[in-house]
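Engineer: I am attaching a structure below and will ask some questions about it afterwards.
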Amino acid sequence: MMLSADHLFETAEKLILHHDSGGLGDPNSSPWDESSYSAEADEYLEAVDTVIKLTQQINTNVNIIDSECDGESEMVDRAENALHLAMLKLEDEFQRILIRSTVPLDAEELYGSIRKSSLSSVHESVHECANESELADENSNNDDNNNNNNDIGSYKEDEYEGSSYVYERGRSIGNDVSVELVYADAVKELKAIADRMIRSGYEKECCQVYCNVRRDVLDECLFVLGVEKLSIEEVQRIEWKVLDEKMKKWIQTVKIAVKILLFGEKQLCEQVFSESEVFKEVSFVETTKGCVMQLLDFGEAVAIGKRSSEKLFRILDMYDVVADVLPDFETLFVDESGELVCDEVKAVLSGLSEAAIGTFVEFENAVKGENSRRALQGGEIHPVTRYVMNYVKLLVDYSDSLNTLLDKGKDYDLSSKELNDIDIDSDDTFTLSPVSCRLLSLIACLEANLEEKSKLYDDDGLRYVFLMNNILYIVQKVKDSDLRNLFGDRWIRRHCGQIRQWHMSYLRSAWGKALLCLKDEGIGGGLSSGSKLLLKERFINFNACFEEIYRIQSAWKVPDDQLREELRISISEKVLPAYRAFVGRFGSQLESGRYGGKYVKYTHEDLENYLSDLFEGKPAVLNSIKRKGT
C-alpha cells in the first residue's frame with residue numbers, strides 16, 4: 001500500500017477513534033453542532049469517506065494485498081474496525097438528528113390551511129335528527145308491531161319543532177396544502193449519513209433506524225389528528241354517537257394522512273435514501289405500513305359492523321374518501337410489498353361498498369315493512385314521512401357513489417305507475433339512473449304506506465287532510481332539492497294533481513252534511529206551519545253541524561301555510577255563499593220571532609271569522625263558541 005494512502009488512513013482512523021472515545025451518544029463527543037451542519041461534521045465525514053474508499057479498494061483489488069503479509073492483514077483489520085466504529089457513530093447520529101429535527105404536527109394550523117383551501121367547496125346539509133323516543137312510544141303502543149324490526153327513526157322537522165343538527169361531509173384538501181415533516185436543514189445531514197452507510201453496506205441498519213423513528217412519528221400524528229388505535233372488537237362495541245364522531249375524524253384523517261403525510265414521507269425517503277432505489281421503497285413501505293393498517297383496520301371494523309340506517313351517510317363518506325385516495329396509494333406504493341398495501345386498501349373499499357349497499361337495502365326494507373298502527377292526532381305529518389324524506393334528500397348528495405354501487409347490485413324494475421309519473425318522454429334528456437329508480441320505488445312504497453295509515457282514521461275528512469299533509473311534504477322536499485332533477489317535473493305535477501283531488505274529496509266529505517241543511521227543498525215560498533218547522537230544523541241542524549265541525553277541525557293540523565289558507569278559502573267559497581243565500585231568503589221569517597236568535601245564531605261574518613280558526617291544531621271548546629260580533 002502506498003505511503004500516502006497509509007497516511008490518509010491513519011489520519012482518518014485517528015479522527016474516528018477520537019470522536020468515538022467518549023462513547024456513543026455522548027453529545028460532547030459529537031461532531032454535529034445542535035444548530036447547524038458544522039465544519040467539524042464535514043471533517044468527520046471526510047474521514048469516513050477515506051475509510052470507505054480504502055475498504056472498497058481492499059475488497060475490489062484483492063491482488064494488491066498479500067494474504068501472507070502480516071502488515072497488510074493488520075491494515076485490513078484496522079480499516080474494517082474503523083469503518084464499523086464510524087457506522088455505529090453515524091447510526092447513532094442519524095437517529096439523534098432524525099428525532100431532534102422532526103417537526104411536531106400542528107393539527108389546528110393544518111385544519112386551518114384545509115379550511116382556507118376549500119372554503120368555496122364546503123358542503124353542509126341539514127340532517128334533521130330523530131327524536132328516537134317518539135318512535136319508541138309509537139312502537140310500544142302498537143300491538144301489531146311486536147315483531148317488527150324496522151330501522152326507522154322519527155325525525156323532527158326543524159322549522160316546526162326546532163330540532164336539527166348540521167351534517168357535514170368534510171372539506172377537501174387542496175394541492176397546495178403541505179406540512180414540513182423534518183426541518184429542511186436536517187435533511188441534508190440525514191442524506192449525508194445515509195449515503196455513507198449505504199456505500200458501506202450498512203443500509204439495513206440505517207433503514208431500520210429511520211423506520212423505527214418515523215413510524216413512531218406517524219403514530220403520534222394519527223393520535224394528534226384524533227385517531228386512536230382500536231381493535232375491530234373495540235370499534236364494534238362503541239355506541240353510535242361516539243362512533244359517529246370517530247368516523248368523521250377518520251374520514252378527515254385519511255385525507256390528511258394520504259395526501260399530506262404519506263406524500264411528504266415519500267418525498268423524505270427519496271431525499272434521504274437517494275443513493276438506493278431499493279431502500280427508498282423499502283423505507284417508505286416499512287415506515288408507513290403501520291399507520292396505513294391502523295386506518296384500514298378501523299374501516300374494516302365499520303364495514304363488518306352492525307348495519308343501521310343512521311350509519312349509511314358516514315359509510316358512504318368513508319367509501320368516497322377511500323375511493324378518492326386509492327389512486328394515491330397506487331402512486332405511492334409501487335413495489336411488490338407496496339402492492340400488498342394497495343390490495344388491503346382495495347379490500348376495505350370493497351367492504352365499505354358492500355356495507356353501503358347492504359345498509360341502503362335494509363333501509364328500503366324498513367320503509368316497506370313499517371307498519372305502525374297508531375293514527376296521528378289531527379292528521380299531522382307522520383314521523384316516518386319526515387324521516388324518510390329527510391333521509392332521501394341527503395342521499396341525493398351521494399348520487400354518484402350510489403349509482404356506482406347500485407349499478408353493481410340487482411336490477412330494479414319500476415311499476416307502470418311509477419314509470420308514468422316521470423318524464424321519460426319529455427323533450428329534455430332524462431335517463432333513469434340506478435339511484436333514481438331506487439328512490440322512486442322507495443317513495444312509492446312510502447306513499448302506499450301512508451295510504452294504508454290514512455285508513456286508520458274514522459273521519460274521511462281527516463283522512464284526506466292526513467294524505468294532503470304528507471304528500472305535500474314529500475312534494476316540497478322533492479321540489480326544494482336535487483331530487484327534482486332525478487324525478488322530473490311530471491312527477492311533481494302528478495302529485496300536485498293528487499293533492500287537489502284529495503282537497504275536493506275533503507270538501508265533499510267534511511262539509512256535505514252541513515251544506516245539505518242549507519237546501520230549500522220542501523220549504524215553500526209562503527211558509528206554512530209545517531214549512532216553518534222544517535226551516536227551524538234546518539237552521540238548528542246547520543248550527544249543530546257547523547259547531548261540531550269547528551270543534552273538531554280546529555284541532556286538525558295543517559302545517560303548510562299555503563295549503564291551510566287554500567283550504568279555508570275553498571271552504572269559504574263553498575259554505576259562505578250558500579249560507580248567505582239561505583239566511584237572506586229565510587232568515588227574516590225567523591229572526592222576527594220571539595226566539596229568532598236561537599235559529600239564526602251566526603252572521604256571514606261570524607262564520608268567516610270562525611273558519612280562520614280551522615287547521616291550527618288548537619281544539620276549541622264547544623261551550624265557548626259564541627257570536628264573535630257580540
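Engineer: Would you confirm whether any residue within the range 351-361 is over 16 Å from the mean Cα position of the chain (by Cα) and either over 19 Å from I232 (Cα atoms) or without any contact (Cβ under 8 Å) to a residue 12 or more places away in the chain (or both)?
Structural biologist: Scanning the range 351-361, I find at least one residue that is over 16 Å from the mean Cα position of the chain (by Cα) and either over 19 Å from I232 (Cα atoms) or without any contact (Cβ under 8 Å) to a residue 12 or more places away in the chain (or both), so the answer is yes.
Engineer: Taking E354, is it in contact with a strand residue (DSSP E or B) (Cβ under 6 Å, 6 or more places away or on another chain), over 16 Å from C445 (Cα atoms), open to solvent by 10 Å² or more (accessible area, probe 1.4 Å) and at pLDDT 90 or above?
Structural biologist: no
Engineer: Still on this structure: Does A544 count as modelled with pLDDT of 90 or more and outside any helix (DSSP H, G or I)?
Structural biologist: no
Engineer: So, in the range 357-369, exactly how many residues are open to solvent by 10 Å² or more (accessible area, probe 1.4 Å) and either within 25 Å of K453 (Cβ to Cβ) or in contact with a Ser or Thr (Cβ under 7 Å, 6 or more places away or on another chain) (or both)?
Structural biologist: 5
Engineer: Condition first: open to solvent by 40 Å² or more (accessible area, probe 1.4 Å), out of contact with any strand residue (DSSP E or B) (no Cβ under 7 Å at 6 or more places or on another chain) and under 30 Å from I193 (Cβ atoms). Can you find one or more residues in the range 260-269 that meet it?
Structural biologist: Yes, the range 260-269 contains a residue that is open to solvent by 40 Å² or more (accessible area, probe 1.4 Å), out of contact with any strand residue (DSSP E or B) (no Cβ under 7 Å at 6 or more places or on another chain) and under 30 Å from I193 (Cβ atoms).
Engineer: For the range 602-616, what are the residues that are open to solvent by less than 10 Å² (accessible area, probe 1.4 Å) and not in a helix (DSSP H, G or I)?
Structural biologist: Matches in the range 602-616: Y602, L614, F615.
Engineer: Within the range 224-255, track down each residue that is among the hydrophobic types (A, V, I, L, M, F, W, C) and more than 19 Å from the chain's Cα centre (by Cα).
Structural biologist: V224, L230, I232
Engineer: Let me ask another. Name the single residue that is modelled with the highest pLDDT among those in the range 518-532 being assigned to a helix (DSSP H, G or I) and open to solvent by 60 Å² or more (accessible area, probe 1.4 Å).
Structural biologist: Step by step, filter the range 518-532, then rank; the result is K532.
Engineer: Related question: Tally the residues that are in contact (Cβ under 8 Å) with a residue 60 or more places away in the chain, open to solvent by 30 Å² or more (accessible area, probe 1.4 Å) and within 17 Å of V278 (Cβ to Cβ), restricting the search to the range 199-246.
Structural biologist: 4
Engineer: Inspect the range 483-497 for any residue being outside any helix (DSSP H, G or I), of a type in the set (S, T, N, Q) and over 22 Å from E565 (Cα atoms) and give the result as yes or no.
Structural biologist: No, because not a single residue in the range 483-497 is outside any helix (DSSP H, G or I), of a type in the set (S, T, N, Q) and over 22 Å from E565 (Cα atoms).
A quick yes/no check of all residues on (1) open to solvent by 70 Å² or more (accessible area, probe 1.4 Å); (2) under 18 Å from F582 (Cβ atoms); (3) part of a helix (DSSP H, G or I); (4) without any contact (Cβ under 8 Å) to a residue 12 or more places away in the chain:
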{"site": "N469", "(1), (2), (3), (4)": "no, no, yes, no"}
{"site": "S481", "(1), (2), (3), (4)": "no, no, no, no"}
{"site": "W511", "(1), (2), (3), (4)": "no, yes, yes, no"}
{"site": "L515", "(1), (2), (3), (4)": "no, yes, yes, no"}
{"site": "L534", "(1), (2), (3), (4)": "no, yes, yes, no"}
{"site": "P559", "(1), (2), (3), (4)": "no, no, no, no"}
{"site": "S570", "(1), (2), (3), (4)": "no, no, yes, no"}
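Engineer: Under 6 Å between Cβ atoms, at least 6 apart or on separate chains: pull out the pairs that start in the range 79-105 with a residue that is aromatic (F, W, Y) and end on any residue that is modelled with pLDDT of 90 or more.
Structural biologist: What qualifies is F94/I193; F94/V209.
The values are calculated or read from the model by the stated rules, or taken from the named source; none is laboratory data. All figures in this text were calculated on a predicted structure; none of them were measured in a lab. Using ideal geometry, Cβ is built from the backbone for each residue, glycine included, and neighbour counts are taken over all protein chains shown. When the accessible area is computed, the model is the full protein with side chains, heavy atoms only, and any ligands, DNA or RNA have been set aside. Shrake-Rupley method; radii C 1.70, N 1.55, O 1.52, S 1.80 Å.
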